[in-house]
Amino acid sequence: MSLEDRDALRLLRDAFAPQDPGPPETNELVHRFYTHWFALDVSVRDLFPPEMDAQRAAFAHALHWVYGELVEQRAAEPVAFLAQLGRDHRKFGVLPSHYDSLRRALYATLRTHLGEAWTDAVEEAANQSLNLITGVMSGAADADEGPAWWDGTVIEHMRVSRDLAVVRLQLDRPMDYYPGQYVNAHVPQCPRRWRYLSPTIPADPGGGIEFHVRQVPGGLVSTAVVNETRPGDRWRLSSPHGGLRVDRDGGDVLMVAGSTGLAPLRALIMDLSRYAVNPRVHLFFGARYRCELYDLPTLWQVAQHNPWLSVTPVSEYGRDPSWAADYPDPTPPRGLHVHQRGRLPDLVTKYGGWGDRQILICGGPDMVRATKAALIAKGAPPERIQHDPLSR
Ligand SMILES: Cc1cc2nc3c(=O)[nH]c(=O)nc-3n(C[C@H](O)[C@H](O)[C@H](O)COP(=O)(O)OP(=O)(O)OC[C@H]3O[C@@H](n4cnc5c(N)ncnc54)[C@H](O)[C@@H]3O)c2cc1C
Ligand code: HEM
């Protein structure tokens, strides 16, 4: 049986491996595959954004993992993953015919790529695995009767700092998600470019949803959202993903938020505030400047009414820049912990490794990596530390 031929599957897996040296998107096979697929099926090209590097990396990574599981003769997890991917792909406008052209293009590219190594056994393993991958994805997409996406209208856009916006939307139908999850979002200013955003409030049966967006330097979508989003804009959101959570019976909690990394932690805190008794939660909320700690007034209000929550505001620099005067002053009334100056990884670990805590870290990838490494170096058990994927 070809899906039991581990040598053949290993060969296919290795074709999707990141090439050394170089970033993952340099996989030559995947490059050639997309060129071939777009030539074979011109209707497919229009679904993708012009810049394909991140996509090539995500595709290679997914297939490398799936083939790795098949090599180990494990089917349950990859089948569940592919089914979810297929359901999620409905929002891109993927059609059954696209799966057929993908299968043919990938088969042909693999065959050319493997050259002399292409034996009858590899041929059979390739055919069966490609049938499995495309069959599971398209089958799950067909079978799902739930919504493929959620559309909503922007009702409020607040520029809370130079690089930060709070965006509120009214969804056409409510979305059910767990606090701490994130969605893939599509905004009208940037067609075909989907970016992950984390709702900042728990799911609202009335369909309200809120996002906090930070403009990253040179960032396409975040720049558009912070500068150009207007009430009336129509956004499209994917189904929710991610598993950040607080176990209310799992002991005290440390949360570390860098800038809009606050979003999912805020949703979790708001959810906890429905209960009278909770584990103690200590939140470090950091930014470059004090004036960028845009949500302190809300956090102050929540902490006022919920003694289990304490909040330490942190900024890298002592003085605010001159443009701070152009935006609302986020200084809360007295009552929060004393403001601290420094970088989050250094400040958080000044108090030890927090090894007895459930630890949740959210923010830019560099900050998350640095904070996690600093906590582990101070003795925090890695398995107690949660964070979202650092890229898609
Ligand atoms: C699970 C998850 C949840 C997220 N939730 C939120 C959220 O609630 N609010 C929010 O504002 N953002 C959030 N992000 C980040 C967001 O999805 C985008 O990556 C970010 O807005 C940049 O997109 P862009 O199109 O502006 O930049 P791009 O045009 O894609 O990239 C431009 C440059 O910025 C760099 N870059 C990309 N992302 C970041 C980043 N996060 N920090 C620093 N540099 C970066 C890239 O490497 C590149 O050099 C989340 C990301 C993930 C993975
Ligand atoms: C019918 C065939 C398919 C079509 C038309 C298609 C199309 C797309 C599009 C348009 C995107 C978004 C690109 C972006 O935002 O930059 C995407 C993302 C992605 N695709 Fe596919 N795809 C197909 C099949 C597959 C298969 C077979 C896999 C791997 C098993 C796969 C893995 C991924 C991954 C991992 C992502 C990134 C995650 C995400 O954005 O959901 N795709 N795909």
Next item on the list: Could you grab me the full set of residues in the range 131-150 that are of a type in the set (A, V, I, L, M, F, W, C) and outside any strand (DSSP E or B)?
Entry: L132, I133, V136, M137, A140, A141, A143, A148, W149
Note to self: When the residues of the range 376-392 are narrowed to those that are out of contact with any helix residue (DSSP H, G or I) (no Cβ under 6 Å at 6 or more places or on another chain) and not in a loop (DSSP other than H, G, I, E, B), which ends up farthest from ligand 2 (Cβ to nearest atom)?
What the structure shows: A377
Next item on the list: Taking the residues in the range 270-322 that are crowded, with 18+ Cβ neighbours inside 10 Å and of a type in the set (G, A, S) as candidates, determine which candidate is farthest from the chain's Cα centre (by Cα).
Entry: A303
Next item on the list: State all residues of the range 243-259 that are surrounded by fewer than 18 Cβ atoms within 10 Å (Cβ to Cβ) and under 25 Å from A370 (Cα atoms); if no residue qualifies, say none.
Entry: G243, R245, D247, G250, G251, D252
Notebook entry, point to check: Got a number for residues in the range 35-66 being under 23 Å from the mean Cα position of the chain (by Cα) and part of a helix (DSSP H, G or I)?
Noted result: 14
Notebook entry, point to check: Failed condition for S198, given (1) within 16 Å of ligand 2 (Cβ to nearest atom); (2) over 16 Å from the mean Cα position of the chain (by Cα); (3) buried (at least 18 other Cβ atoms within 10 Å of the Cβ), with all others met?
Noted result: (2)
Next item on the list: Select, from D20, D14, the only residue that is more than 15 Å from ligand 2 (Cβ to nearest atom), free of Cβ contacts under 8 Å to residues at least 24 places away in the same chain, under 22 Å from L110 (Cα atoms) and in a helix (DSSP H, G or I).
Entry: D14
Note to self: Out of A165, A143, I need the residue that is within 16 Å of ligand 1 (Cβ to nearest atom), out of contact with any Leu (no Cβ under 8 Å at 6 or more places or on another chain) and of a type in the set (G, A, S). Which one?
What the structure shows: A165
Check: Would you call P345 within 16 Å of ligand 1 (Cβ to nearest atom), exposed (fewer than 13 other Cβ atoms within 10 Å of the Cβ) and not acidic (D, E)?
Finding: no
Note to self: If a residue must be in contact (Cβ under 8 Å) with a residue 40 or more places away in the chain, assigned to a helix (DSSP H, G or I) and surrounded by 18 or more Cβ atoms within 10 Å (Cβ to Cβ), how many such residues does the range 93-120 contain?
What the structure shows: 8
Note to self: I'd like to verify a number: residues in the range 178-195 that are within 16 Å of ligand 2 (Cβ to nearest atom), assigned to a loop (DSSP other than H, G, I, E, B) and not polar (S, T, N, Q), how many?
What the structure shows: 6
Notebook entry, point to check: Only one of (1) in a strand (DSSP E or B); (2) under 21 Å from S43 (Cα atoms) fails for T153. Which number is that?
Noted result: (2)
Next item on the list: Name every residue in the range 292-341 that is under 18 Å from V256 (Cα atoms) and in a helix (DSSP H, G or I), in order of residue number.
Entry: E292, L296, P297, T298, L299, W300, V302, A303
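Matching residues to (1) near ligand 2 (Cβ under 10 Å from one of its atoms); (2) out of contact with any helix residue (DSSP H, G or I) (no Cβ under 8 Å at 6 or more places or on another chain):
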site: H31; (1), (2): no, no
site: V42; (1), (2): no, yes
site: D53; (1), (2): yes, no
site: G86; (1), (2): yes, no
site: H89; (1), (2): yes, no
Notebook entry, point to check: Would you pick out the residues in the range 67-78 that are buried (at least 17 other Cβ atoms within 10 Å of the Cβ) and either on the phi > 0 side of the Ramachandran plot or in contact (Cβ under 8 Å) with a residue 24 or more places away in the chain (or both)?
Noted result: Y67, G68, L70, V71
Next item on the list: Would you point out which residue out of D88, D144 is at pLDDT below 95, within 24 Å of L63 (Cα to Cα), buried (at least 20 other Cβ atoms within 10 Å of the Cβ) and not aromatic (F, W, Y)?
Entry: D88
Next item on the list: Working only within the range 55-84, note down all residues that are more than 8 Å from ligand 2 (Cβ to nearest atom) and out of contact with any helix residue (DSSP H, G or I) (no Cβ under 8 Å at 6 or more places or on another chain).
Entry: E72, R74, A76, A80
Check: Of all residues in the range 315-331 being among the hydroxyl-bearing types (S, T, Y) and touching a residue at least 12 places away in the same chain (Cβ under 8 Å), which is nearest to A287 (Cα to Cα)?
Finding: S315
Notebook entry, point to check: So which residues in the range 208-221 are more than 16 Å from ligand 2 (Cβ to nearest atom) and either surrounded by 16 or more Cβ atoms within 10 Å (Cβ to Cβ) or of a type in the set (D, E, K, R) (or both), if there are any at all?
Noted result: G208, I209, E210, F211, H212, V213, R214, Q215
Margin query: Among the listed residues R103, R90, identify the single one that is within 25 Å of the chain's Cα centre (by Cα) and either among the basic types (K, R) or farther than 23 Å from L29 by Cβ (or both).
Written below: R90
Margin query: Can you go through S238, S259 and tell me which one is polar (S, T, N, Q) and farther than 22 Å from R162 by Cα?
Written below: S238
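The values are calculated or read from the model by the stated rules, or taken from the named source; none is laboratory data. Fair warning: this is a prediction, and the values are worked out from it, not measured in the lab. Ideal geometry is used to build each Cβ from the backbone, glycine not excepted, and the neighbour counts take in all protein chains shown.
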